[in-house]
Amino acid sequence: MKLDSQIPGGPLETKWDRHRFDLKLVNPANKRKYDIIVVGTGLAGGSACAALAELGYNVKAFCLQDSPRRAHSIAAQGGINAAKNYPNDGDSIWRLFYDTIKGGDFRAREANVYRLAQVSNLIIDHCVAQGIPFAREYGGLLANRSFGGAQVARTFYARGQTGQQLLLCCYQGMMRQAAAGQIKMFPRREVLELALVNGQARGLVVRNLITGAIESHAAHAVVLATGGYGNVFYLSTNGVGGNVGAAWRAYKKGAGFANPCFTQIHPTCIPVHGAYQSKLTLMSESLRNDGRVWVPKQPGDKRPPLEIPESERDYYLERIYPSFGNLAPRDISSRAAKRMCDEGKGVGPTGLAVYLDFSDAIGRLGRKEIESRYGNLFQMYHKIVDQDPYEVPMMIYPAVHYTMGGLWVDYNLMSTIPGLFVLGEANFSDHGANRLGASALMQGLADGYFVIPYTIGGYLAGATFPEVSASHAAFHEAEAVVQARTAKLLGIRGKRTAASFHRDLGLIMWEYVGMGRRDAGLEKARRLIRELRGEFWDNLLIPGTDKELNQNLERAGRVADFLEFAELLAIDALARRESCGGHFNEAFQYEDGESKRDDVNMCHVAVWEYAGEGQEPVFHTEPLVYENVKLAVRSYK
Amino acid sequence: MSGKSLNLTLKIWRQKGPEDKGHFETYRAENISPDASFLEMLDIVNEQLAEDGKDPIAFDHDCREGICGMCGCVVEGRPHGPDRETTLCQLHMRRFPDGATLTIEPYRARAVPVIKDLVVDRGALDFLIQAGGFVSVNTGQAPEANSLPAGRDDVERAMDAAACIGCGACVAACPNASAMLFVSAKVSHLALLPQGRPEAARRALSMVAEMDALGFGNCTNHRECEVECPKGITIGNIARLNREFFKAALGSYEQIPSTPVSPGKSKRGGE
């Protein structure tokens, strides 16, 4: 596997401009001769669909749900960053670039992140033009708020529903192109194989989830925007359907998988309450703008929160990180919460929670203002926990949220398979080892609106394409693989459902591959995962057939992929001999419990190549070169 | 938080496919935690059905935090169940008394046909948006974001309307199976913003015409939609849609489109 990042030379500030000039163009009249498949219709996939269709390409859009509008980007709450510097508080493209590189614990590419910061302002312009009801000041101009990991207010927001508003306008842009005939919609389809011809990605084999029919679709290029793999932990803030399927198929066909161990545990989620639980609910990080995080000073203090006097509370984030306080980045806040609970200071019925208290903010700003800022989040908390957060402090605990790892891509967002592009959370590229708040929406839309429309043209104009239709042998082979795999799953006829295997896998992952990792635990996880995988293929139960809507069969396929992928995640965690961002190995820490990076030996992207069934994956590295920022200990104190 | 566990009787609509007539079947849900969500209760019933070798109940869901709009069926005669401004995934079992019998069935509307059990085809809502629920701006064309100020109060009301999750509860609640609340939410969202004004007339005419073509009924002010909307979209939006429609029909150069975006209701369904 050859990893050529294609990063343009020259000064950082002009790399993207020069690269755009160097990329070959597809003549407007020729664009209609190219078919492009986009899988996933969240912010990255949806924006790519709209932007490519606007250029004149024929787009085929695939999603699992009944409509592109349901993709899980819709659940993003807090906001989207841009370097507009409207508040006049010292922001700039350079500062957004630097904050993102530092927030990622110096494990992202300078060139990619700088481009992200550059196009951030264009995204806001486009979103406003589409009709996104971003929060405004009374003068009618756009409002900003601050977010974790930054000391400037650069976050644009639409109440606590920013992701929803961005996605719906993106979806509306798609629907406009669907009406114009430029996008053909394939909802309720699941990718089961990728078809390669002459080494190029040329199409997909999918299952029609309504009829069960196996369908082949050919194209000149394939774009995956299928989101992250957080559901490998079973409980996460992801939608229940989130999976690693399409990315895993691509990996097995030769796409490198980068940094799978970089998983983000979000500090502010509603704590786990029962074994039947199907997902965890995020409480936006924006709440930390006004909420104060605390635990009782005395371990084992079981008094209700309102009976614990001020002097016996430990506002530990403000104490340990005085300059960032409650806005310390996610990985740091999450580990601090875990440390408090490990010391016996956790609260709530399980002892696995900390308080997020709004009483000061309500006293200062009034209940009405808090309602206008966070009303929907408070209502959501009230419904789930059955306690009124205006009266009693919220209880929160970290939960798996976002995955920084993903398929390796070059500067053009192309994987190691020619013609296979990967956007958004599904790729590994811009967030390094940890993503800052309000950066995922920015990256998804940057990739889809402002990067892929240029880079895919460069690929299409420079490659040669043999005539390929869905009746090509590559598709017949891929369909045969799919049929055999489905028959194997259905033929097990065991006693346990896919959901029960998934739950067990999640327990293994959270215990040994979660917030604090150890070599012995990771080795044990590998063994347990293999045992569980063995049992899965012996004892899986799937009711029904493959000729109908069968949600148990869908689930089984996704769990089968997770049972393989989980091991790669553990392998990557073992190979990274340092702690950084979303990867914390307890053997690598400072005395105060902070992450200890190894910039001499570990300043690289870890990329894994599939080596065949039952074989150890092959390890490659892409060195990270820092020409513009100085690697420093990431301090938020 | 947690109280005593619940035992319930469920009467659930089972329908193998669009052509099947369908019927109610009775199931028991035992030892349900009051802290479980309604969908988690269905998960538990489905696990039991699968282990007993029976076909689990098909239902749509994804985010399970009340925002994607994928879930929703009719519980005790009400879309998304008895609580106001609550999606089915956010409805918790503590809402129901121990020993209760619950009737659970899919949305029923001609334009939203059943696919299987509680799963329905809401593709018609996508066609409504295709008819004009957008601002025609291509990527790269936009002016600087602050070059066009938008009044805070208008933006707040636009946001109230834009909160629609497209779940279809309004259609299911309406005795006429009208999509007026859905359409009016989109028309209002965009009409209230300066960016949406240039196309406001065209949008109102096209979306209303599309609604008729797709087989949705008309609005006769029953207000059932407003009561059942999980996002609190008010019928004030329908009044705004009516104003926008009349303004467009009488005071603009736009015509009501004669051909709908959708392939026609007779060809719809299934896929």
Number of positions in segment B:217-228 that are touching a helix residue (DSSP H, G or I) at 6+ places or on another chain (Cβ under 6 Å) and either in contact (Cβ under 8 Å) with a residue 60 or more places away in the chain or part of a strand (DSSP E or B) (or both): 1
Boolean, A:V59 is buried (at least 24 other Cβ atoms within 10 Å of the Cβ), aliphatic (A, V, I, L, M) and touching a Phe, Trp or Tyr at 6+ places or on another chain (Cβ under 7 Å): no
Condition met for B:L214 (within 21 Å of B:G123 (Cβ to Cβ) and either in contact with a helix residue (DSSP H, G or I) (Cβ under 6 Å, 6 or more places away or on another chain) or modelled with pLDDT of 95 or more (or both)): yes
Scan of segment A:173-200 for residues that are surrounded by fewer than 24 Cβ atoms within 10 Å (Cβ to Cβ) and either acidic (D, E) or under 30 Å from A:F378 (Cα atoms) (or both), ordered by number: A:E190
Segment A:478-536, subset in contact with a Leu (Cβ under 8 Å, 6 or more places away or on another chain) and of a type in the set (V, I, T), residue nearest to A:A556 (Cα to Cα): A:T497
Unique residue being among the charged types (D, E, K, R) and buried (at least 21 other Cβ atoms within 10 Å of the Cβ) when the list is B:D35, B:D52, B:D60: B:D60
Residue match in segment A:273-286 (condition: at pLDDT 90 or above, buried (at least 24 other Cβ atoms within 10 Å of the Cβ), more than 14 Å from chain B (Cβ to nearest Cβ) and on the phi < 0 side of the Ramachandran plot): no
Matching residues in segment B:88-114 - criterion: being within 10 Å of chain A (Cβ to nearest Cβ) and crowded, with 24+ Cβ neighbours inside 10 Å: B:C89, B:Q90
Residue match in segment A:241-263 (condition: surrounded by 24 or more Cβ atoms within 10 Å (Cβ to Cβ) and either within 30 Å of A:Y390 (Cβ to Cβ) or among the acidic types (D, E) (or both)): no
Test for A:Q387: is it without any contact (Cβ under 8 Å) to a residue 24 or more places away in the chain and surrounded by 15 or more Cβ atoms within 10 Å (Cβ to Cβ): no
Looking only at segment A:159-196, and only at residues there that are within 21 Å of the chain's Cα centre (by Cα) and free of Cβ contacts under 8 Å to residues at least 60 places away in the same chain, the one that is nearest to the other protein chains (Cβ to nearest Cβ): A:Q165
Condition check for B:A161: more than 10 Å from every other protein chain (Cβ to nearest Cβ), within 30 Å of A:N121 (Cβ to Cβ) and hydrophobic (A, V, I, L, M, F, W, C): no
Among the residues listed as A:L445, A:L441, the single one being in contact (Cβ under 8 Å) with a residue 40 or more places away in the chain, surrounded by 23 or more Cβ atoms within 10 Å (Cβ to Cβ), assigned to a helix (DSSP H, G or I) and touching a Cys at 6+ places or on another chain (Cβ under 8 Å): A:L445
Number of the exception - A:Q77 against (1) surrounded by 24 or more Cβ atoms within 10 Å (Cβ to Cβ); (2) within 8 Å of chain B (Cβ to nearest Cβ): (2)
Top-ranked residue of segment A:108-148 - restricted to ones that are of a type in the set (S, T, N, Q) and part of a helix (DSSP H, G or I), ranked as farthest from the other protein chains (Cβ to nearest Cβ): A:N112
In segment A:200-227, residue nearest to the other protein chains (Cβ to nearest Cβ) [restricted to those that are closer than 16 Å to A:S415 by Cα and among the small types (G, A, S)]: A:G227
A:H431 being surrounded by 24 or more Cβ atoms within 10 Å (Cβ to Cβ), at negative phi, within 14 Å of chain B (Cβ to nearest Cβ) and touching a residue at least 60 places away in the same chain (Cβ under 8 Å): no
Exclusive hit being surrounded by fewer than 21 Cβ atoms within 10 Å (Cβ to Cβ), more than 12 Å from the chain's Cα centre (by Cα) and facing another protein chain (nearest Cβ under 7 Å), set B:G151, B:G140, B:G133: B:G151
Test result for B:L190, within 22 Å of the chain's Cα centre (by Cα) and either facing chain A (nearest Cβ under 7 Å) or of a type in the set (F, W, Y) (or both): yes
Any hit, segment A:531-548, residues being buried (at least 21 other Cβ atoms within 10 Å of the Cβ) and under 21 Å from the mean Cα position of the chain (by Cα): no
Yes/no for A:I93 being away from every other protein chain (no Cβ under 14 Å) and either small (G, A, S) or under 25 Å from A:M404 (Cβ atoms) (or both): yes
Only one of A:V222, A:V240, A:V244 that is over 30 Å from A:P393 (Cα atoms), at pLDDT 95 or above and under 16 Å from the mean Cα position of the chain (by Cα): A:V244
Complete set of residues in segment A:521-577 that are out of contact with any helix residue (DSSP H, G or I) (no Cβ under 8 Å at 6 or more places or on another chain) and within 14 Å of another protein chain (Cβ to nearest Cβ): A:N539, A:K547, A:E548, A:L549, A:N550, A:Q551, A:E554
Positions within segment A:229-264 being small (G, A, S) and away from chain B (no Cβ under 14 Å), in sequence order: A:G245, A:A246, A:A247, A:A250, A:G254, A:A255, A:G256, A:A258
Yes/no for A:L377 being at pLDDT 95 or above, among the hydrophobic types (A, V, I, L, M, F, W, C) and under 29 Å from A:H431 (Cβ atoms): no
Residue within segment B:148-160 that is in a helix (DSSP H, G or I), touching a residue at least 12 places away in the same chain (Cβ under 8 Å), out of contact with any strand residue (DSSP E or B) (no Cβ under 6 Å at 6 or more places or on another chain) and closer than 15 Å to B:E226 by Cα present: yes
Segment A:102-143 - residue that is of a type in the set (K, R) and under 24 Å from A:G173 (Cα atoms) and, of those, surrounded by the fewest Cβ atoms within 10 Å (Cβ to Cβ): A:R136
For B:T26: the one exception among (1) more than 11 Å from chain A (Cβ to nearest Cβ); (2) touching a residue at least 60 places away in the same chain (Cβ under 8 Å); (3) not in a loop (DSSP other than H, G, I, E, B): (2)
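The values are calculated or read from the model by the stated rules, or taken from the named source; none is laboratory data. Since the model is a prediction, treat every value here as computed from it, not as a measurement. Don't worry about glycine lacking a Cβ; one is built from the backbone with ideal geometry, like all the others, and counts go over all protein chains shown.
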